[in-house]
1. In this structure, does V272 turn out to be open to solvent by 50 Å² or more (accessible area, probe 1.4 Å) and farther than 30 Å from D135 by Cα?
2. Check whether at least one residue in segment 256-276 is free of Cβ contacts under 8 Å to residues at least 40 places away in the same chain, within 22 Å of the chain's Cα centre (by Cα) and closer than 20 Å to G346 by Cα, and report yes or no.
3. Look through segment 233-252, keep the residues that are near the ligand (Cβ under 9 Å from one of its atoms) and assigned to a helix (DSSP H, G or I), and return whichever of them is surrounded by the fewest Cβ atoms within 10 Å (Cβ to Cβ).
4. Give the residue, chosen from S321, S303, S311, that is at pLDDT 95 or above and away from the ligand (no atom under 16 Å from the Cβ).
5. For T162, are the conditions met, namely being within 19 Å of the chain's Cα centre (by Cα), modelled with pLDDT of 95 or more, surrounded by fewer than 24 Cβ atoms within 10 Å (Cβ to Cβ) and in the same structural domain as M75 (by the TED database)?
6. Across segment 353-362, which residue is nearest to the ligand (Cβ to nearest atom) among those that are assigned to a helix (DSSP H, G or I) and of a type outside the set (V, I, T)?
7. Among the residues of segment 390-403, are any under 18 Å from D363 (Cα atoms), open to solvent by less than 50 Å² (accessible area, probe 1.4 Å) and assigned to a loop (DSSP other than H, G, I, E, B)?
8. Does E374 qualify as being open to solvent by less than 30 Å² (accessible area, probe 1.4 Å), among the charged types (D, E, K, R) and free of Cβ contacts under 8 Å to residues at least 40 places away in the same chain?
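The values are calculated or read from the model by the stated rules, or taken from the named source; none is laboratory data. Remember, it's a predicted structure, so these values are computed and weren't measured experimentally. Counting neighbours? That spans all protein chains shown, and the Cβs are built from the backbone with ideal geometry, glycine included. To get the accessible areas, we keep the full protein, side chains included, count just its heavy atoms, and leave off ligands, DNA and RNA. Shrake-Rupley method; radii C 1.70, N 1.55, O 1.52, S 1.80 Å.
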Amino acid sequence: MFKIRIWWSILPDFKVRDMSLADMGENLIEWASRHMPVLNQIAKRFRNEKPLKGLRVGACLHVTKETAVLIKTLMDGGAEVALCGSNPLSTQDEVAAALAKIGVKVYAWRGETTEEYYWCINRVIDFQPRVTLDDGADLVTTIHISRKEALENVLGGTEETTTGVIRLKAMAEKGALKYPIIAVNNAYTKYLFDNRYGTGQSTIDGILRATNILLAGKTVVVCGYGWCGRGIAMRARGMGANVIVVEVNPIRVLEAVMDGFQVMPISRAAEVGDLFITATGNINVIRKEHMLKMKDGAILANSGHFNVEISLPDLKSISESKRNIRPNLDEYTIKNGKRIYLLADGRLVNLAAAEGHPSEVMDMSFSNQALCVEYLAKNPVMKPNVYDVPREIDESVARLKLRAMNIEIDEMTEEQKKYIAGWEAGTV
Ligand SMILES: NC(=O)c1ccc[n+]([C@@H]2O[C@H](COP(=O)([O-])OP(=O)(O)OC[C@H]3O[C@@H](n4cnc5c(N)ncnc54)[C@H](O)[C@@H]3O)[C@@H](O)[C@H]2O)c1
């Protein structure tokens, strides 16, 4: 108790659930760090070079053990950090406490109301960040809509996820974006691994922790065959499920078909699915008319960024009653007598019902984040726009990851480099 009171009194600038969880949080962070060799190498360099000395970083990210390793890396580089969650249900309270203990201004706890969620974002803005780190663009949009005075301090920012990049590009196109953002999501070493293998595995993990159902033999409907949907479909099939894909983009539909999946509209898939997983970044993908067709016992889960993919208002409007069965699993009894089960309130199931992506993939995503913060600090005159991660950063993350995995790769010979760069040589 004594220890807790001391931490609260010397570090008043944070709000977390329970500081007595800090020791447990430290163990989790240490465990994540063991599996994040690339970020550790960057941290080592940052400790020597201090490239972020005195830089105030405001971060709105899922407060997980992997995020903690990123935050500590930025602090190793000399940054001061304020952090809030990027989803009301994704904060790991142990991790938030451990970060508060080492001086991070953390405003995050699991189960925030919408009002509390934005209160936390506003505390990060009060910190007057020079660089913003966002996951879904709620921090950037709040600054632009209701805290414009903070804009004058901001040098630039980064964005972690597809939905955030889409929102920010829309802002840039309309001339509303007032500072440069690097779209970390669009680095190859991010989306090819994080969105596909990270979301693929952790979505299944969240669903199993919430339900403990057997996937073998189930009909699993995956809505969206983007990078996340591909990973989810691949992993569900790997566990013996019959996977149906629902898509709106004809090229991705073709890809799903040739990857060996059945494809059909959601109106037909609704009748046959046992488990529905959305990962589209779009709104109202599963609506009332689909829910009414579903089998008794159908399970709904979302892995897209916002909790709008499964229409919760529609589900409520057709339900007679709702009861909680176990953590992250609610039963809705529909007026037609059937029961539908919703996981984690329709929020991203891998973070709300499990722990988010495994550390090994976040190693690459967050190495891009750390190097992009350094890039912004060293290139302070970029115009407001959404930028790709510089290719050198993307490739260096891949090389460092391969080295950490003890995998050697080939180099082109001088002759091959010349051949690839030339046009004269043809059929021989
Ligand atoms: N759960 C996580 O940890 C996690 C990780 C990364 C990304 N995300 C989020 O997941 C979502 C998808 O990301 P992504 O990288 O796969 O995006 P993506 O753009 O690669 O894929 C989305 C796919 O959904 C399809 N789609 C759009 N509307 C649809 C509809 N009504 N019905 C069926 N399909 C539809 C699109 O055509 C596209 O192919 C985003 O919200 C992203 O921010 C979540």
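1. Yes, satisfied.
2. No, every residue in segment 256-276 fails to be free of Cβ contacts under 8 Å to residues at least 40 places away in the same chain, within 22 Å of the chain's Cα centre (by Cα) and closer than 20 Å to G346 by Cα.
3. I251
4. Going through S321, S303, S311 in turn, just one is at pLDDT 95 or above and away from the ligand (no atom under 16 Å from the Cβ): S321.
5. yes
6. Within segment 353-362, the match that is nearest to the ligand (Cβ to nearest atom) is M362.
7. yes
8. Spelling it out, it is not the case that E374 is open to solvent by less than 30 Å² (accessible area, probe 1.4 Å), among the charged types (D, E, K, R) and free of Cβ contacts under 8 Å to residues at least 40 places away in the same chain.
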